[in-house]
1. Skip the ligands, DNA and RNA, and give the accessible area per residue of the range 1-117 with a 1.4 Å probe, whole Å².
2. Tell me, how many Å apart are the Cα centres for the range 325-342 and for the range 131-203?
3. Which GluC sites (Glu not before Pro) in the range 41-143 sit in a loop by DSSP (not H, G, I, E or B) and have at most 10 other Cβ atoms within 10 Å of their own Cβ?
4. So what's the net charge close to Arg299: Lys and Arg +1, Asp and Glu -1, counting the other residues with Cβ under 12 Å from its Cβ?
5. Tell me, which longest segment in the chain has none of the trypsin sites (Lys or Arg not before Pro) that fall in DSSP loops with at most 15 further Cβ atoms within 10 Å?
6. Excluding same-chain residues fewer than 8 positions from Lys189, which aspartates and glutamates have a Cα within less than 13 Å of its Cα?
7. Using the Cα centre of the range 87-152 as origin and beta-carbon charges of +1 (Lys, Arg) and -1 (Asp, Glu), tell me which of Thr91, Phe115, Pro133 is placed farthest towards the positive end of the dipole.
8. Top mean-square fluctuation among Gly274, Gly345, Gly224, Gaussian network model of the chain, C-alpha springs under 10 Å?
Amino acid sequence: MTDLAQLESHILTDIAAARDETALEAVRVAALGKKGSISALLATLGKMSPEERKTQGAAINLAKDKVTQALSARRDILKSAALDARLASETIDVTLPLREAPAEAGRIHPLSQVFEEVNTIFADMGFAIAEGPDIETDDYNFTKLNFPEGHPAREMHDTFFFNPKEDGSRMLLRTHTSPVQVRTMLSQKPPIRVVCPGRTYRIDSDATHTPQFHQVEGLVIDKGSHLGHLKWILHEFCKAFFEVDHINMRFRPSFFPFTEPSLEVDIQCRRDKGEIRFGEGEDWLEILGCGMVHPNVLRACDIDPDVYQGFAWGMGLDRISMLKYGIADLRQLFENDVRWLSHYGFKPLDVPTLAGGLST
């Protein structure tokens, strides 16, 4: 009986000392399992006399009941403590500000936004979007666009050329998106109405020039196309893009190898306190170049200039992005500064539409 009392006391001490349910289960198995200490005592009852079995059996069963009750009580305490710890670790402080959803925290780059704005405007006018490779042939980038041999743009100091091939020809990074116009004229029959946005490359780098930049060019080829159509398209584009009701434009004679006549386009603006406002004031700002497609370009693309004529224009997407959104340095567009992007960027769901506003 003394040994049973000591065993019971030892088991109850172990139960009280159990720190978690795993430790408590180990104590239960050691006491009440198939090979447990109390189970072993119960197994000896069969070898006792009836008198001993009556006395010893009652004492052993009483010890078993005490251990079972202690196990149950300790298990309830440990479960309650575990629940309290879990609730404490998963507590949400409702006084904290709500975290921004990914769609709210992310930002669309101004260039991507302007791509969509420009495409939206021209698509509304009935233009299709045409694209081409960044790596071009000398023929598509220069020859078919009426660039003569020895033209400065064909030199290494202006253009990124690849190493010559075995036949002496060289591929290059396109210097404008005009090769897309060439590819379109070679693959489609007039009438043609396309705009060609994309990346372009020239060896130049300063506050207003980068080695890689973006352009959008437009092309119309038809039997009755003329400069009046071109002027209307550019006027409507500038009004829609800069979101003004009216804007004066000035067309000045210029020269490009691929157009004749060629024109530079200035738009009305007002410079005040470091800002530029369009559609008002008495200043002028050059924004793009344009003209009637040169007959040599049409012939090179298998289009008869005696039957068809057309016009084209081109502008820098980076430049008009800077003008519209007040970006001072072109290089900031490519520095990948998240702080800058959070200031100048657009929310992903602010999709530009002519009805809802391009840059709301």
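1. I get 70 Å² per residue for this part.
2. With the range 325-342 and the range 131-203 each reduced to a Cα centre, they are spaced 29 Å.
3. Answer in residue order: Glu90, Glu100.
4. -2
5. With a cap of 15 other Cβ atoms within 10 Å, the longest stretch comes to 274-360.
6. Reachable aspartates and glutamates: Asp222, Asp302, Asp304.
7. The listed residue farthest towards the positive side: Thr91.
8. Looking only at Gly274, Gly345, Gly224, the biggest GNM fluctuation is shown by Gly274.
The values are calculated or read from the model by the stated rules, or taken from the named source; none is laboratory data. Source: prediction; values computed, not measured. With ideal geometry, Cβ positions are generated from the backbone for all residues, glycine too; neighbour counts draw on all protein chains shown. Heavy atoms of the whole protein, side chains included, go into the accessibility calculation; ligands, DNA and RNA do not. Shrake-Rupley method; radii C 1.70, N 1.55, O 1.52, S 1.80 Å.
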